[in-house]
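The values are calculated or read from the model by the stated rules, or taken from the named source; none is laboratory data. Just so you know, these numbers come straight off a predicted model, no measurement behind them. Reconstructed Cβ throughout: ideal geometry from the backbone, glycine too, with neighbour counts over all protein chains shown.
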Amino acid sequence: MLEVGFAVRRAVGTLAYEWRADDYVVKASADSAGLVGATLVRTLIGERVDLSCAVSALLNHPNDKFRLGFCVNATIK
């Protein structure tokens, strides 16, 4: 599935992209203020536990700041 969106808020244009597969979700966005972000999510489904791991990166180009995040979510059935 491919979704491409465009939104304008406070004179800042944002372009977002999302791609989904059975086990992966990739999200990316960029705006006219220089903020660029991307997230990769991997889902693992078991008999008793649903587990997802996410890695995200955010780049603020005007300030040259970079942030990297990691997240693990678990749901017990």
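Only one of the numbered conditions (1) under 21 Å from TRP19 (Cβ atoms); (2) outside any strand (DSSP E or B) is not met by SER56, and that is (2).
Out of everything in region 59-77 that is in a strand (DSSP E or B) and surrounded by 12 or more Cβ atoms within 10 Å (Cβ to Cβ), what residue ends up being modelled with the highest pLDDT?
Kept after step one, since they are in a strand (DSSP E or B), are these residues of region 59-77: 59-60, 65-76.
Then drop every residue that is not surrounded by 12 or more Cβ atoms within 10 Å (Cβ to Cβ), which leaves 59-60.
Details: LEU59: 88, ASN60: 84.
Among residues in region 59-77 that are in a strand (DSSP E or B) and surrounded by 12 or more Cβ atoms within 10 Å (Cβ to Cβ), the one modelled with the highest pLDDT is LEU59.
Would you pick out the residues in region 21-39 that are assigned to a strand (DSSP E or B), closer than 18 Å to CYS71 by Cα and more than 10 Å from the chain's Cα centre (by Cα)?
First, pick out the residues of region 21-39 that are assigned to a strand (DSSP E or B): 24-31, 35-39.
Narrowing further to those that are closer than 18 Å to CYS71 by Cα: 24-28, 37-39.
Result: TYR24, single match.
Count, please, the residues in region 24-41 that happen to be surrounded by 13 or more Cβ atoms within 10 Å (Cβ to Cβ), out of contact with any Pro (no Cβ under 8 Å at 6 or more places or on another chain) and not hydrophobic (A, V, I, L, M, F, W, C). Total meeting the criteria: 5. Applying a threshold of 6 Å to beta carbon distances and a minimum spacing of six or more residues, or different chains, the list of pairs starting in region 46-58 at a residue that is farther than 20 Å from GLY69 by Cβ and surrounded by 13 or more Cβ atoms within 10 Å (Cβ to Cβ) and ending at one that is modelled with pLDDT under 90 and hydroxyl-bearing (Ser, Thr, Tyr) reads ASP50/THR75.
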